[in-house]
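Structure record follows, encoded as structure tokens.
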Amino acid sequence: MLQMYIAGIVVAVTAFSLDGVQAGCCWKTEWEAVEGLTMGITKGEEKHIIEGYMGVHYDYDKKLIALDEDLYYDGKEMKAKLIQDYTSGIQYSIARGVCTKQKLPVPMTSNCILKNATKLGDFYMGLGDNKIQLTSYTFTMPQEQEKVTMSVTTDSCIPVGQIMTGSSKEIGDYLASAGFVNLTPGIKDRSVFKIPDICKQPDIKLEDKVHRLSGF
């Protein structure tokens, strides 16, 4: 069950804002990337570290997100496939041949920066003529009360990275840092969103809602 617990809390990517409250730049409605993640969790006397990477696939038009996770929980490898279907409001988590279904906490958000986001400033990465101009923002996710600081490219609003801090009854206190590489527009293979047959069995119960953990 630890496998499903990790798959449930590392809901790596959503969007910045609720429909109708976006302000500022927006990124592609369909895109894919590799996301690296490092996360620390404390709950009472327990302390844990999650680190690794995942393939992420977004389709804001069809309200779908897919994640291919390869993470380590306190050094133990945890692989899982997650599919978030915001039309039905269900997340499917598949690991070690077992599927669980969980309620998604809120509707899928838009692909734009939150209206209440505060601009922290502009900066660049690189050296000399090889520079990328970036802009950082900070905001609080409305439902989760999670503090997010995120960076995007200044000219095209491409996601670069984010830092998240927060607390919940299910997870405890957490600090997470994530970055995106190898971004491409569009979805190369739409089968990443296909619900496996093992998730369509009638005896699979719908579990309680999953905690969203991201500003993207």
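Computed from label points 7 Å out along Cα-Cβ, the spacing between Ser167 and Leu127 is 4.3 nm.
With contacts taken as Cα pairs under 8 Å at a separation of at least 6 residues, segment 2-207 carries a relative contact order of 24 percent. Among the GluC sites (Glu not before Pro) in segment 40-104, those placed in a DSSP loop whose Cβ has at most 11 other Cβ atoms within 10 Å are Glu45.
For Leu183, Leu120, what's the fewest-to-most ordering of other Cβ within 10 Å of each Cβ? Intermediate values should be presented prior to the final figure.
Working: Leu183 17, Leu120 13.
Fewest-to-most Cβ neighbours within 10 Å comes out as Leu120, Leu183.
Coupling constants for segment 61-67 follow from the phi torsions by the Karplus curve (6.51 cos²θ - 1.76 cosθ + 1.60, θ = phi - 60°), and in residue order they are 5, 8, 6, 10, 9, 10, 10 Hz; glycine and proline get x.
In this structure, the amide hydrogen of Leu120, modeled 1.01 Å from its nitrogen in the peptide plane, lies closer than 5 angstrom to those of Ser136, Tyr137, Thr138, counting only residues at least 5 positions away or on a different chain.
Answer rounded, prolate or oblate for segment 2-207, using the Cα gyration tensor with square roots of eigenvalues a ≥ b ≥ c: rounded when a/c is under 1.5, else prolate when a/b is larger than b/c, else oblate.
Numbers: a/c = 1.60, a/b = 1.36, b/c = 1.17.
Judged from the Cα gyration tensor, segment 2-207 comes out prolate (a/c at least 1.5, a/b above b/c).
Shown here for segment 106-186: GluC sites (Glu not before Pro) in loop regions (DSSP other than H, G, I, E, B) with at most 15 other Cβ atoms within 10 Å, namely Glu170. Each label point was placed 7 Å from the Cα along the Cα-to-Cβ direction; for Ile195 and Ser177 their separation is 3.9 nm.
Rounded to the nearest 20 debye, what is the charge dipole size of segment 2-207 about its Cα centre when +1 sits on each Lys and Arg Cβ and -1 on each Asp and Glu Cβ?
360 debye
Bear in mind these aren't lab numbers, they're just calculated from the coordinates by the rules spelled out. Just so we're clear, the structure is a prediction, and the values are computed from it rather than from any experiment. Virtual Cβ from ideal backbone geometry, glycine too; neighbours counted across all protein chains shown.
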